[in-house]
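Worksheet: one structure, shown below.
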Amino acid sequence: MPPLISNYKKRVVENKLKQTYSIFNQAIRLSEIKNGEASTWITPSSAYGSSVNSKKCLNTYILPYLNGLKKFEDNQTYIKIFLNNGVYTYWAWNGGHFEVYTRFKLPKSENFVDGIGGKDYFLFYLRPNLRDFVPAGWQFTQTKVGLMTEGGGLHACNNNIRGFHINCARLIMLNGWRIPKDYPFKF
């Protein structure tokens, strides 16, 4: 019975990661029809600061085009977007992109990195200048081995390294949205 439960949990994670990737990329493409290429969008000007600017940007370019939106909330440093598929995201502007922490259940605290990266949360980036929504790890390597070892240690999808493990969504994506057999975290 435990292997069946574990396999079910893996399929849920795989499907929700793939859906989230698709939902937000579709929103970008739909928004570009009305608002022009994402590379020309007006984005927030301060890093991790103004939720007002971030909210305005998301209200203009993403939320109206987001199929499956359940709820939207904001506070002073980040914005929460809840999707109908049970995915719950935290958005924070960091220079030239939004960092989007994706979770499948509410954390025990308000800290969006509460838990284990690659298991409890996954990181994506919305990079308007490059017109895409991508899993973290795109900047380090395109190989499975690289994603499990690179990224300054903290980012590697590897449970032997103490860190955030944010490259894990990219690892799953490169494996056809399937959790590899040698994935470092158990479900």
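The set of residues in segment 1-24 that are surrounded by fewer than 16 Cβ atoms within 10 Å (Cβ to Cβ) and either touching a strand residue (DSSP E or B) at 6+ places or on another chain (Cβ under 6 Å) or among the small types (Gly, Ala, Ser) (or both) comprises SER6, SER22. Only one of the listed residues (GLU110, GLU99) is assigned to a strand (DSSP E or B) and not aromatic (Phe, Trp, Tyr). That residue is GLU99. LYS119 passes every criterion in (1) over 22 Å from ILE172 (Cα atoms); (2) in a loop (DSSP other than H, G, I, E, B); (3) of a type in the set (D, E, K, R) apart from (1). Anything in segment 52-89 that is surrounded by 19 or more Cβ atoms within 10 Å (Cβ to Cβ) and at pLDDT below 80? List them, or say none. Within segment 52-89, just TYR78 meets the criteria. Only a single criterion out of (1) surrounded by 21 or more Cβ atoms within 10 Å (Cβ to Cβ); (2) modelled with pLDDT of 90 or more; (3) more than 18 Å from the chain's Cα centre (by Cα) is not satisfied by LEU30, namely (1). Taken over segment 90-122, the criterion of being buried (at least 22 other Cβ atoms within 10 Å of the Cβ), touching a Ser or Thr at 6+ places or on another chain (Cβ under 7 Å) and closer than 19 Å to LEU66 by Cβ is satisfied by TRP91, TRP93, VAL100, TYR101, THR102, PHE122. Quick one: in segment 164-176, which of the residues that are open to solvent by 30 Å² or more (accessible area, probe 1.4 Å) and part of a loop (DSSP other than H, G, I, E, B) is modelled with the lowest pLDDT? Among those that are open to solvent by 30 Å² or more (accessible area, probe 1.4 Å) and part of a loop (DSSP other than H, G, I, E, B), it is PHE164. If you go through segment 63-96 and keep only what is without any contact (Cβ under 8 Å) to a residue 12 or more places away in the chain and of a type in the set (Gly, Ala, Ser), you end up with nothing.
The values are calculated or read from the model by the stated rules, or taken from the named source; none is laboratory data. These figures come from a predicted structure and were not determined experimentally. Here Cβ is always computed from backbone atoms with ideal geometry, including for glycine, and neighbour counts include all displayed protein chains. Each accessible area value is taken on the protein alone, full model and side chains, heavy atoms only, with ligands, DNA and RNA left out. Shrake-Rupley method; radii C 1.70, N 1.55, O 1.52, S 1.80 Å.
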